[in-house]
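Take a look at the structure set out below.
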Amino acid sequence: MGAEPTTGGETADLTGAQEYAAEWARHLRRLGFVPLDPVEAERLLLVHTVRLAQALLASDFTARPAQDVGRALVEAHLTEPQMLDWSVRTLGVSFCARVVPGRVDHPDTPARVAALQAAFAAGFARALRDRTFAQQERIARSAWQARDQIERALRDSEARFRAVFVGAAIGVGVAGVDGRIVEVNQAFADLLGYTPDELREFNVAELTHPDDAAGMWELYQELVEGRRDCARVEKRYFRKDGTAVWTDLAVSLVRHADGRPRFTVAMVQDITERHALQQRLRFQAEHDPLTGLPNRTLFFHRLNALFAAADPQQRIGVCFLDLDGFKAVNDRLGHHHGDLLLGVIADRLADCVSGLGHLVARMGGDEFVILVDGGAGLDEVVAVAEKVLAAVAAPVDVGDHQLTVSASIGVVDSPVGQTSAAELMKAADTTLYWAKGEGRGRWAVFDPERSARDQARSALSAGLPAALDRGEFVVHYQPIVSLVDGTMSAVEALVRWVHPELGLVGPDRFIGLAEESGLIVRLGEWVLGQACRDAERWRREFPDARLVVSVNVAARQVDDPSLVDVVAETLRRTGLPAELLQLELTESAATGGPGEPLRALHRLAGLGVRLAIDDFGTGYSSLAYLRRLPIHALKLAAPFVEGIRADDPTNGHRDERIVDALVRLAHALELRVTAEAVETVEQVERLRALRCDTGQGRLLGPPVPADGISARLRGTPPA
Ligand code: C2E
Ligand code: MG
Ligand code: MG
């Protein structure tokens, strides 16, 4: 290692200087944070060690370099107070011996070392102070700059607000929390037809309008009391000239720094046109374009509102009206004339209730409805219905035609609490259907019991097809007995439904339904098959009885072109001889229809099957006509047979004479006669005296399952 030359002749020991610097750096690291890497720190401290050594050795001594070293350490962020402590102390204790050993004994050395120590410390401290000042100044400058910026921004936003306020197309107004208007822009003033100065004389409370939405002023109150920060409503204002303007109004609350409400800023925009458009669209959505009447949307809206608001005792009435035969008008005269007719009817309906406050609506097609709300009860609704029927009945001129139309009306009246909107309308619809069914041109009043029956009927009807598929039907047989010798010559097949819930259901409750739905054709086929099977079984078991099975055939079956084939096929399949099958037809089934039934009857007779007219005397067929039918027997209807009971001599004698005449005429036509509903021994005796051939009724044997007939044939009493 060499030595660093100095002006004073002595030199610094470089090895010693390096060691000194290394220890200095080590010590620094021990103290904690050093913002330099170790090599860099050591190199820096070596430079300073050498500068201190040179200062000590200089012939012309100055402590200034030590001051620079102290400052340099601070500038290198080596500002730890203990670092200063160590550096100053070591400079006084071991620096000389280790870095400038040749100078240790020099008489100036202690004074020079002390001066270096002091300068080092002073440089360090001054640098530290300067740095703190610099930092403070930087902060202060930043603060000033920031304040400057904020002020400028505030000035800008104020200017912008002014620009917006003055130049805005939208009306802006500022009011105190007491409602006093402080400031309005030109747009606001123009909107209401005042000058800004005039408006500043107003209090916002003076700007009310009778159309103001419910709760609007409560909102404003909440705003000025600081319970909300903004509110938005659509509001009408009166202009200075008394006309009204619709606006979209948004009000915001501006608070003091401590949160207290300070003033409100309102922004208003003219939406009169938009509002008018909305109103037009709404009208269109709720009215029928053809008649101008409210449509079903508005009707249900009103109806639901009534149900929502009214007290449960309040009555609500509906007249549900449908023109009779309107389709024919359309078909005959064209839709244009149909439309004209609807227009006239709509006007008449509206006239009927004008001034009464009832809503008239067109539900669609030729259906109209009148809502009688809060009425005095059924009488009032019926009065409306009668007035309407009279109004509709007056002749209508449609183009070149004069039409006379009628309407049917379903009338419903109920306290609100006892029904719902949907139920009410369903009842009205049902009742309208009744009025139509009862002959049109009339009103009918809803009857809950009848409706319940209707519903039970339709439930029963809906269940029929599945019941047939599941095999829920059975056939019972009622003996038809010779009035001469008391033998059972035939049995009538009578169907029953073993209903899973209702038990045994009689045919009177479901045959009509099956006829309406057409299911009677399938059901009748099934009964025929069952009856023929049972009859064939009896024929085999009791060949001498020659028991005939008599099966009822409905008019719908006679109309069915496949009836003859079905009968022939059933006979073939079951093996029953045709002459042991009798078919019972009602008078209308046998005589109605244009030719087809007659052909079917002849073909059936051709098969060898016997034909009987059931319930004879209840229809209107003439014997002259019956003469042309290929029939074998008449079954006298129950009322005549009932009439020959002894307890009613006058009518009894008359009925007896009728039966007498019928039997004679029947025999003249070579028809056999069966009396139905024979219930007493006396009836049997008289019928026998009148030469009636056979009888059927409770006295002679009620309808029983097939086994009951077998037992009777066997001569054993039924189990
Ligand atoms: P219907 O053909 O005139 O049958 C006679 C009805 O009189 C039967 O009623 C029978 O039970 C009832 N009856 C029996 N004895 C007496 C009596 O002493 N006095 C009175 N007043 N009535 C008596 P049911 O079984 O209820 O049948 C009613 C009607 O249902 C039948 O009248 C018939 O028109 C129809 N019907 C029954 N089964 C069938 C069927 O399979 N097909 C068709 N199309 N109709 C059927
Ligand atoms: Mg019958
Ligand atoms: Mg009968």
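The values are calculated or read from the model by the stated rules, or taken from the named source; none is laboratory data. Computed from a predicted structure; not experimentally measured. Cβ atoms come from the backbone with ideal geometry, glycine included; neighbour counts cover every protein chain shown. Surface accessibility is based on the protein's heavy atoms, side chains included, excluding ligands, DNA and RNA. Shrake-Rupley method; radii C 1.70, N 1.55, O 1.52, S 1.80 Å.
The residue of the stretch 460-492 that is farthest from ligand 1 (Cβ to nearest atom), among those that are touching a helix residue (DSSP H, G or I) at 6+ places or on another chain (Cβ under 6 Å) and under 15 Å from residue 674 (Cα atoms), is 483. Selection of the stretch 668-719 for residues being closer than 14 Å to residue 645 by Cα and in a strand (DSSP E or B) yields only 675. Scan the stretch 497-519 for residues that are within 16 Å of ligand 3 (Cβ to nearest atom) and either of a type outside the set (D, E, K, R) or more than 17 Å from residue 586 (Cβ to Cβ) (or both) and the total you get is 4. Only strands (runs of 3 or more DSSP E) whose full extent lies in the stretch 445-550 are considered here, and the ones with at least 2 residues that are surrounded by 16 or more Cβ atoms within 10 Å (Cβ to Cβ) are 473-482, 488-499. Residues that are touching a residue at least 24 places away in the same chain (Cβ under 8 Å) number at least 3 in the following helices (runs of 4 or more DSSP H) confined to the stretch 183-225: 186-192, 216-224.
Yes or no, residue by residue, for (1) buried (at least 19 other Cβ atoms within 10 Å of the Cβ); (2) in contact with a strand residue (DSSP E or B) (Cβ under 8 Å, 6 or more places away or on another chain); (3) modelled with pLDDT under 90:
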position: 608; (1), (2), (3): no, no, no
position: 619; (1), (2), (3): no, yes, yes
position: 636; (1), (2), (3): yes, yes, no
position: 670; (1), (2), (3): no, no, no
position: 675; (1), (2), (3): yes, yes, no
position: 685; (1), (2), (3): no, no, no
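Restricting attention to the stretch 139-175, the residues that are in contact with a Phe, Trp or Tyr (Cβ under 9 Å, 6 or more places away or on another chain) and β-branched (Val, Ile, Thr) add up to 3. Please count how many residues of the stretch 551-570 are open to solvent by less than 20 Å² (accessible area, probe 1.4 Å) and more than 13 Å from ligand 1 (Cβ to nearest atom). Here the count works out to 3.
In the stretch 676-687, the residues that are under 16 Å from residue 653 (Cα atoms) form Cβ pairs under 7 Å with partners that are within 16 Å of ligand 2 (Cβ to nearest atom) and in a helix (DSSP H, G or I), at six or more places apart or across chains, as follows: 683/641.
Would you check which residues across the stretch 538-597 are under 20 Å from residue 487 (Cα atoms) and touching a residue at least 60 places away in the same chain (Cβ under 8 Å) and list them?
Here is the first cut: in the stretch 538-597, the ones under 20 Å from residue 487 (Cα atoms) are 538-551, 579-582.
Across the stretch 538-597, the qualifying residues are 538, 541, 542, 545, 547, 548, 549, 550, 582.
Among the residues making up the stretch 323-361, those that are modelled with pLDDT of 95 or more, outside any helix (DSSP H, G or I) and either more than 28 Å from the chain's Cα centre (by Cα) or not assigned by TED's automatic domain parsing to the domain that holds residue 385 (or both) are 323, 324. Of the strands (runs of 3 or more DSSP E) lying entirely inside the stretch 378-428, the ones with 3 or more residues being open to solvent by less than 10 Å² (accessible area, probe 1.4 Å) and modelled with pLDDT of 95 or more are found at 407-415. The set of residues in the stretch 306-322 being assigned to a helix (DSSP H, G or I) and either touching a residue at least 24 places away in the same chain (Cβ under 8 Å) or surrounded by 18 or more Cβ atoms within 10 Å (Cβ to Cβ) (or both) consists of 306, 307. Figure legend. Inter-residue proximity from the stretch 73-86: first residues closer than 16 Å to residue 35 by Cα, second residues β-branched (Val, Ile, Thr), beta-carbon distance below 9 Å, spacing 6+ or different chains. Indicated pairs: 73/79; 77/34; 78/34; 80/34.
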